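Student: The structure follows.
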Amino acid sequence: MGEKLRFIGGLLEEDEQPAAAPPPARRGNRVRNALLASLGLAASAALLLTLWAPWSSPEETEAKPDQSGIVACSKLIVTGTVSGTEAAGDEKVRIRLNVEKYLKPSTGPEKAEFLVPQEDGAAYKTGARVLVSVSRFDGEVPLLFTGGEIGPTWEWMEAEVSNPDAPACSGRG
């Protein structure tokens with residue numbers, strides 16, 4: 001037992017000795033680090049320019065995909081209950097809603113219909129309460145909000161419709 005304790009003590013003494021100082025940095029490491037820093041800076045600058053795009057025309061950057069652009073470019077914004085779905089050909093599904101409230105346009109019939117891609121049709125469950133924003137541009141998938149998303153989404157959309165400074169829809173985003 002004494003031998004085991006001396007052996008463990010010896011190991012502990014070795015661990016307590018100060019570690020050797022790291023070797024001085026070589027010129028190759030400094031060059032590699034400078035090169036990596038330069039590449040990171042260049043990538044950051046490219047990302048910033050892509051996002052900012054100062055040369056873009058106002059029409060390209062104005063309306064979509066921010067909240068004001070979504071509302072400005074919607075032809076239909078309603079809350080309602082899904083009353084049914086049916087295949088509409090060309091890999092599309094026709095969605096039928098019993099409308100509770102219109103936001104855009106401000107009024108309309110008690111029923112509304114629109115098309116969605118076939119793969120999105122399953123999200124519209126018959127009997128589900130939904131908020132839908134349908135773009136005025138063909139081929140854009142309607143935005144669907146359900147459950148707890150409906151109230152807050154309706155509030156910001158309603159604020160955008162009422163905002164006199166909101167941009168007009170300038171085209172596809």
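The values are calculated or read from the model by the stated rules, or taken from the named source; none is laboratory data. As the structure is a computational prediction, the values presented were derived from the model and not from experiment. Backbone-built Cβ (ideal geometry, glycine too); neighbour counts: all protein chains shown. Calculation scope for accessible area: heavy atoms of the full protein, side chains included, ligands and nucleic acids excluded. Shrake-Rupley method; radii C 1.70, N 1.55, O 1.52, S 1.80 Å.
Student: Quick one: LEU41 ticks every box in (1) over 22 Å from the mean Cα position of the chain (by Cα); (2) of a type in the set (A, V, I, L, M); (3) modelled with pLDDT under 60; (4) under 28 Å from GLY171 (Cβ atoms) bar one, so which box is it?
Tutor: So the condition that LEU41 fails would be (4).
Student: Within the range 84-122, how many residues are exposed (fewer than 14 other Cβ atoms within 10 Å of the Cβ), over 26 Å from ALA168 (Cα atoms) and among the hydroxyl-bearing types (Ser, Thr, Tyr)?
Tutor: Of the residues in that region, 0 qualify.
Student: If you scan the range 108-163, which residues turn out to be aliphatic (A, V, I, L, M), within 15 Å of LEU76 (Cα to Cα) and free of Cβ contacts under 8 Å to residues at least 40 places away in the same chain?
Tutor: ALA112, LEU115, VAL116, VAL141, LEU144
Student: Hey, can you tell me all the residues within the range 123-138 that are open to solvent by less than 70 Å² (accessible area, probe 1.4 Å) and either part of a loop (DSSP other than H, G, I, E, B) or closer than 13 Å to ALA87 by Cα (or both)?
Tutor: Within the range 123-138, ALA123, TYR124, GLY127, ALA128, PHE137 qualify.
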